[in-house]
1. Sort 120-126, 405-411 by packing, meaning the average of other beta carbons within 10 Å per residue, with the highest value first.
2. At a 10 angstrom cut-off on C-beta neighbours, averaged per residue, how do the peptides 309-320, 75-86 rank from highest to lowest?
3. Label-point separation (nm) for Val101 and Glu320, each offset 7 Å from Cα along Cα-to-Cβ?
4. When the helix-only estimate is applied to the chain (DSSP H runs of n ≥ 4, each -39,500 (n - 2.57), divided by the residue count), what is the mean residue ellipticity at 222 nm, nearest 500 deg cm²/dmol?
5. Sorted from fewest to most neighbouring beta carbons within 10 Å, what does the list Thr130, Thr325, Thr374 look like?
6. Calculate the radius of gyration of the Cα atoms of the chain to one decimal place, then report Dmax, the largest Cα-Cα distance, as a whole number, both in Å.
7. In what order do Met22, Met196 fall by count of nearby beta-carbon atoms within 10 Å, going from fewest to most?
8. Would you mind ranking Cys387, Cys254 by Cβ crowding within 10 Å, fewest neighbours first?
Amino acid sequence: MISEENKLISLRPGSGLDGGIMPAVLSTAGAIWASGRNVWFQKDRIEHAPGSVLAVPRTNRKSQAIAQSFVKKPRFYFENFGVISYYEDGEVTLVGQLSNVGEYDLVPYGTWLLATDNINPIQLWKGIDTFNSIVTTEFARAKLIKKLGQHILAFSTDVLPSGFHWSDASNVEVWTPTQFNAAGNLPIRDLDSEFMAVVDLGAALAAYSREYMIVVRYVGIPYIFGTPDQALSGIGAVSRNSVVSLGRSNWGLCRGGIFVTDGSSFTYVDRPAVGSWLQENINWERAEEIAGHYDEQLGLVIWAVPTGSHAIAEIGVNPETKAFTYLGTDLGVGVERAVFDYPIVATSKGIAFRSVVGTVTGDFSLLSHRLDATKQGRFKSWGHLLCDGTFNADAQVRLGFSNSPNETISWYDWVPLAYSVPFDPRESVFISLEFKATTALRITGLTIYGELGAPL
């Protein structure tokens, strides 16, 4: 039965194998993959996603803020139930204490660190002792703090919830504007809410309310900062970490779906692949938990999203191919690779380096839609599977059969995955494939052989 004449389905890179997961597409609409976990779609193969290595174990809960800098050595700062510390050379050093019920943002500033909990004044650590409050009559607290040029900008303050203040140039302790300094503030009057997130966008900042995005740029003396472009309506942020900076673009997950913008226009990229899945499965009442980051090793923008009761799902999209995938279930906030070799992420077990070469994340699983060999109106006699790739003894596959889109799939038993997987011939209109593994696995091609049967 294994011959070119009997080849019914051939999945290769560029022709379905690497197309990503499309749970929102109807099962017989022609998409290949319906669901999965810890699946890494690459240009030439499907692979078990690499795993994590704990750097700081036993945090009280998932850290809600992480930042990194190079201070003679690579260093990352992290929040732990309001306590701010830094990791360097395998050691953890205490910086200071914020409120344990706050909203946190951390900004390295040379060898210094600025921190906010949106309850108390912005805190400044100068590399010795502990935090000191930045006291100013301009505002008492800020939700978001960002660095742009020689200034620190404070967004969503108690004075300007839909505006921002900025410090004097190279002086983060001076915020009151005078004719002798470059401090200032700017209220924004055409937004629908306070600022929810602020991220880098090239050499500017993109500031997001719930349904708008506006670009904050350096505009020169005497105004210093401004918003010269019209605000974009139709995209926004649902949490401080729901938008990810990637070079000259932003990738965000908001109530409308997953979008990409360059600051002047935007496109939603979640449809049709995962659009309805996002709306039906994300627990939007816990939207403040949504946290995204860019994983350079995987080539994915990844978001941790709350689903169900207390469950977390990780959904990733390849910015180049727009292919989606599902990863693990334990991620929180994260930052991309910069001063360390790997991205840094918060998990329930502590702070970890993510996508470490030579490791794998949890269990691998991958389920196809109902495949019909482009002959949906005919029965087929299925009889043999060839799987190109490399896999260990734990890898398994099973095949399922059905005759209509709504019929319950009849599954064969799980069998070891190998290059050649013969099975008892079975006649049906559709065939489904499911894979699982606990160790490293690579699939570079799938071919199913059989014969065309009678019309329906």
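Just so it is clear, none of the values below were taken in a lab; they were calculated from the coordinates. Note that the coordinates shown come from a computational prediction; the quantities given were computed from them, not determined experimentally. Because the Cβ atoms are built from the backbone with ideal geometry, glycine has one as well, and the counts that use them run over all protein chains shown.
1. Packing proxy ranking, top to bottom: 120-126, 405-411.
2. 75-86, 309-320
3. It works out to 4.8 nm between the two label points.
4. Per the formula, -500 deg cm²/dmol.
5. Thr374, Thr130, Thr325
6. 25.3, 87
7. Final ranking by Cβ density, sparse to dense: Met22, Met196.
8. Cys387, Cys254
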